[in-house]
Amino acid sequence: MSENTKNEKMEAIVSLAKRRGFIYQGSDIYGGLSGTWDFGPLGVALKRNIMNLWWKMFVSDREDMYGVDAAILMNQKVWKASGHVDTFSDPLVECGNCKARFRADQIDVSKCPTCGVEGTMGEARQFNMMFKTNVGPIEDENSVSYLRPETAQGIFTNYKNIVDCFYPDLPFGIAQQGKAFRNEISPRDFIFRSREFEQMEIEYFVNPNDWEAAFDMWRKLVWDWCAAIGLPTESVHEDEIPADKLAHYSKRTVDFMFDFPIGREELLGLAYRTDFDLSNIQREAGKNMDYVIKGTNEKLVPHVIEPSFGVERALMAVLSTAYTEDEVNGEKRIYLKLPEHLAPVKFAVSPLLKNKPELVAKAREVYSMLKKKHGAVMWDDNGNIGKRYRRQDEIGTPHCVVIDFDTLENDTVTIRDRDTTEQRRVAISEL
Ligand code: GAP
């Protein structure tokens, strides 16, 4: 794909997301707040479908997983022990001419990308990406806290609670979904790099001797996840991170990259975090993090495999895979070829004519019946049938049901398929 085509596709997705009620710029009405996004009714539904599928696959359907939902605000000692206060930073450079600021590792520092003047960039300095705040009415060093930059630490701080309450067999995992905040120097590319976003993370605790097998198991499960959200295998790639580029806590990381319209970028990460976090907690909090292997007196601090998923990146990968243009009856058509289990609306129900009370009453009956059965069903009687189909295609509704005069005679309806646009006549009882 050429650069222009890529940008056009990205712009088309952003425009559709806004036009159809998926995603809006945060605080748009006041001129926006960079790096923040608001999810509209269809965006929330799509996001929930992705998050619920993840929870089902990795928590409810498994015997070895425990879910938690920890507080976003945590004791500042958490972030000192985890290394985030000292090392969670990006290199910041400022242009001496126009004062624009950039991440030094994302630009050619010889020339300012904003004003185009050469040789104006100052020295890079480390900028900590955590949002700092104060808890309680007194603003001093003791009341400092941070909006969590990863959900992972809320899992590590609950490891002992889970072991004490449930004494699970090793290996076992703790999972969490929730907001994370990073004061990114250059938020960019729609929801790809935001300042407020959502993560779905697992810390999988293993005997240190078994970490490689667990790492491989999670590699396979990540591929299963990508398939479950409908990403084509050929668009997902593993990227082994070289030793000198690993995060401060990792001994091995494989990033899963996806061919987004903006290029090949990180979708999610899989890291071997060793006992880095539990040992830090043990040292800094003075609490024992030993796990006693069942049936023995053997104690160990488990090691950790961490699959870390970004919700917005999963959603952006799903949207860019689904976005399709074709031609129907000589006219350009845009539709979202979403997997049915992710589609925000599964059925749209319409009366053929909205000024015929008998058709509307029958359509309402069918709508209520489907709504009870499937939940995600939309009533749509705006404009003519052609316009309704186009609108439903754009939001990825797999089935449009139309109630017409034949329905009143024989209790059948037409059902139109989003991808083929084919219409079939079926009995209401078969819907
Ligand atoms: N606990 C490990 C951790 O947080 P990370 O690679 O920094 O690792 C994990 O983040 C995932 O979170 C990324 O692969 C990405 O999907 C998502 N993510 C990270 N920063 C993000 C941002 N600024 N905007 C949107 N998603 C982000």
(Q) Residue pairs, Cβ under 7 Å, 6 or more apart or interchain, first in region 382-398 and without any contact (Cβ under 8 Å) to a residue 24 or more places away in the chain, second in a helix (DSSP H, G or I). List them. (A) 382/388
Q | Residue count for region 294-332, restricted to those that are open to solvent by 40 Å² or more (accessible area, probe 1.4 Å) and either within 16 Å of the ligand (Cβ to nearest atom) or out of contact with any strand residue (DSSP E or B) (no Cβ under 6 Å at 6 or more places or on another chain) (or both) | A | 13
Q: Give the residue that is nearest to the ligand (Cβ to nearest atom), with candidates limited to residues of region 255-293 that are under 18 Å from residue 210 (Cα atoms) and in a strand (DSSP E or B).
A: 271
Q. Counting just the residues of region 122-165 that are surrounded by 13 or more Cβ atoms within 10 Å (Cβ to Cβ) and among the basic types (Lys, Arg), which one comes out farthest from residue 196 (Cα to Cα)?
A. 160
Q. Of all the residues that make up region 182-222, how many are free of Cβ contacts under 8 Å to residues at least 60 places away in the same chain and either within 15 Å of the chain's Cα centre (by Cα) or under 28 Å from residue 37 (Cβ atoms) (or both)?
A. 3
Q.
Considering only residues that are of a type in the set (Gly, Ala, Ser), part of a loop (DSSP other than H, G, I, E, B) and more than 8 Å from the ligand (Cβ to nearest atom), which ones fall in region 172-220?
A. 186
Q. Are any of the residues in region 368-377 buried (at least 20 other Cβ atoms within 10 Å of the Cβ) and hydroxyl-bearing (Ser, Thr, Tyr)?
A. no
Q) Would a scan of region 226-249 turn up a residue that is at positive phi and either small (Gly, Ala, Ser) or free of Cβ contacts under 8 Å to residues at least 40 places away in the same chain (or both)? A) yes
(Q) When you scan region 42-52, do you find a residue that is on the phi > 0 side of the Ramachandran plot and open to solvent by 30 Å² or more (accessible area, probe 1.4 Å), even just one? (A) no
Q.
Among the residues of region 248-267, what is the count of those that are more than 19 Å from the chain's Cα centre (by Cα) and open to solvent by 40 Å² or more (accessible area, probe 1.4 Å)?
A. 4
**Q.** Condition met for residue 240 (more than 16 Å from residue 314 (Cα to Cα), among the acidic types (Asp, Glu), touching a strand residue (DSSP E or B) at 6+ places or on another chain (Cβ under 9 Å) and open to solvent by less than 40 Å² (accessible area, probe 1.4 Å))
**A.** no
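The values are calculated or read from the model by the stated rules, or taken from the named source; none is laboratory data. No experiment lies behind these values; they were computed from the predicted model shown. Here the Cβ is made from the backbone with ideal geometry for all residues, glycine too, and neighbour counts use every protein chain on show. Ligands, DNA and RNA are excluded from the accessible area calculation, which covers all protein heavy atoms including side chains. Shrake-Rupley method; radii C 1.70, N 1.55, O 1.52, S 1.80 Å.
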